[in-house]
1. What's the ranking of 24-33, 44-53 by average number of surrounding C-beta atoms within 10 Å, highest first?
2. How far apart, in nm, are the 7 Å Cα→Cβ label points at ALA41 and ARG25?
Amino acid sequence: SELERWRSEQDSRYTSRMCECVVVRVAPELGERITLSGDKALIEDIFPEIGDVMCNSVNAGWNHDSTHVIRFPLNGYCHLNSVQ
């Protein structure tokens, strides 16, 4: 039983933990297009001005599911450049 306990502890060390992460990609070849990928709630916390756009565009090409987005076109809504 001690060996089983030790094994379960070892297995739990290698399981991935949830982390709050947003991927920002800048594509200079597309006129500095800035896209975000990540958890919708976290993106809304960081960029509150785009929360309505993300929530109201359920069928948009950048929606992955109800909680995450992939390649949201940030500078299309915030007028940012890569330095900002």
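Coordinate-derived values only; no laboratory data. Treat the numbers as computed from the prediction; the structure is a model and nothing was measured. Cβ atoms come from the backbone with ideal geometry, glycine included; neighbour counts cover every protein chain shown.
1. Values: 24-33: 11.1, 44-53: 13.4.
Averaged packing, sorted descending, gives the order 44-53, 24-33.
2. If labels sit at ALA41 and ARG25, their model points lie 2.5 nm apart.
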